[in-house]
1. Within the stretch 4-53, which trypsin sites (Lys or Arg not before Pro) sit in a loop by DSSP and count at most 11 neighbouring Cβ atoms inside 10 Å?
2. How much net charge surrounds PHE56 when only other residues with a Cβ under 12 Å from its Cβ are counted (Lys, Arg +1; Asp, Glu -1)?
3. So for the stretch 255-294, what are the equivalent ellipsoid semi-axes in whole Å, largest first, each being the square root of 5 times an eigenvalue of the Cα gyration tensor?
4. Find the eigenvalues of the gyration tensor of the Cα atoms of the stretch 29-97, then list the square roots of 5 times those eigenvalues as equivalent ellipsoid semi-axes, largest first, in whole angstrom.
5. When N counts the residues of the stretch 99-151, how does its alpha-carbon radius of gyration compare numerically with 2.2 N^0.38 Å, as a ratio?
6. Loop-only check: which GluC sites (Glu not before Pro) in the stretch 233-335 are DSSP coil with at most 11 other Cβ within 10 angstrom?
7. Using only alpha carbon positions, build the gyration tensor of the chain, then give the equivalent ellipsoid semi-axes as the square roots of 5 times its eigenvalues, largest first, whole angstrom.
8. For HIS43, project a label point 7 Å along Cα to C-beta. Then give me every residue of the stretch 128-150 with its amide nitrogen under 16 Å of that point.
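Readers should treat all values here as calculations from the given coordinates under stated rules, not as data from a laboratory. Everything numeric here is computed off the predicted structure, so don't read it as measured data. Neighbour counts are summed over all protein chains in view; Cβ atoms, including those assigned to glycine, are modelled from backbone coordinates with ideal geometry.
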Amino acid sequence: MNAIDWSNLSFGYMKTDYNVRSYYKDGKWSAPAETTSENIDIHMAATCLHYGQEAFEGLKAFKGKDGKIRIFRMRENALRMISSCHGIMMEELPVEVFEEAVVKAVKLNERFVPPHGSGASLYIRPLLIGMSAQVGVKPASEYLFLVFVTPVGPYFKEGFKPTPVAILRGYDRAAPLGTGTIKVGGNYAASLTAGNKAHGMGYSAVLYLDAREKKYLDECGPANFFGVKNNTYITPLSSSILPSITNKSLMQLAEDIGLKVERRPIPEEELATFEEAGQVGTAAVISPILRVDDIDENKSYIISKDGNAGPVSSKLYNKLRAIQLGDEPDTHNWVTILE
Ligand SMILES: *Cc1c(COP(=O)(O)O)cnc(C)c1O
């Protein structure tokens with residue numbers, strides 16, 4: 001194999017050695033087993049293809065200075081996948097099967113875990129799909145759970161720089177009201193048009209308003225939103241946003257460093273009062289926001305006056321990264337160290 005140029009990886013797919021699969025059939029999940037195949041043999045009437053029985057997760061593994069591999073908050077992802085299963089009537093995947101498959105996929109592809117200090121990490125993508133044939137609108141009786149991994153580069157090629165985001169009032173984030181709290185591909189498919197429009201206008205993401213009243217901030221396409229003012233970390237409370245594990249971690253760290261934390265509805269107008277704001281998720285941890293433009297209302301909210309990330313965002317970003325990499329003590333027990 002050619003040597004991997006760790007410092008020039010993008011956030012994309014690279015073939016690794018193995019992926020790990022478990023099948024649900026006749027009432028039970030098979031033991032997670034590895035394969036080298038990148039393909040799935042799938043029935044043309046499988047429910048994942050027609051009726052969107054598909055959920056996924058995203059998490060990361062890091063190499064510490066000590067050479068050990070660390071997986072960040074894997075159990076949280078396992079629990080969230082269970083709630084996704086409930087949301088679209090898929091067979092519930094046990095936490096143990098999830099964790100066993102993730103650990104196995106990472107260990108088998110150990111040579112793809114980027115070295116400490118490269119800024120890169122191993123992205124882990126668990127996927128659960130309905131496999132058996134249905135023509136009527138009914139859940140499948142058979143499922144496939146699989147985990148693949150791929151090394152990904154540092155999210156910020158140009159450094160930790162704020163970018164502008166857009167409010168597009170004609171679009172809702174979650175396809176039907178109510179599916180916003182589960183991590184399913186259908187919501188992403190429905191967000192592609194808005195995302196594409198925003199990117200075309202030079203924005204890094206869409207900042208969605210609540211679908212019911214178009215009054216409160218919900219979240220960005222694939223990331224939660226937070227704002228900072230008066231020494232307080234403020235993030236939306238809403239029945240239509242995905243519970244981000246990064247956001248949950250940052251709320252804890254904000255508290256740890258002496259900030260107040262508020263989870264409550266945030267009216268759009270409050271954007272004018274934030275000293276800092278950001279998008280948060282596994283891919284980037286924090287992606288600072290430069291400005292929010294409400295396109296249809298012709299309003300603009302400048303968040304970063306000097307074009308740089310603010311002190312609170314920077315501190316939280318560095319702290320979370322340090323815990324993930326094992327450079328700071330893992331006081332909240334978030335990290336699984338592989339033996
Ligand atoms: C995955 C995801 C996030 C980020 O969640 P993390 O657990 O922090 O990666 C935010 N919003 C949506 C819609 C997502 O799918």
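1. LYS15
2. Details: positive: ARG80, ARG125, LYS183; negative: GLU54, GLU57.
Surrounding charge for PHE56 is +1.
3. They are 19, 16, 10 Å, listed largest first.
4. Details: eigenvalues 151, 58, 25 Å².
The equivalent ellipsoid of the stretch 29-97 has semi-axes of 27, 17, 11 Å.
5. Normalised Rg, Cα atoms only: 1.59.
6. On the way: sites: GLU255, GLU262, GLU268, GLU269, GLU270, GLU275, GLU276, GLU297; in loops: GLU275, GLU297.
Within the stretch 233-335, the qualifying GluC sites (Glu not before Pro) (loop, at most 11 other Cβ atoms within 10 Å) are GLU297.
7. Values: eigenvalues 208, 135, 62 Å².
Those come to 32, 26, 18 Å.
8. 129-145
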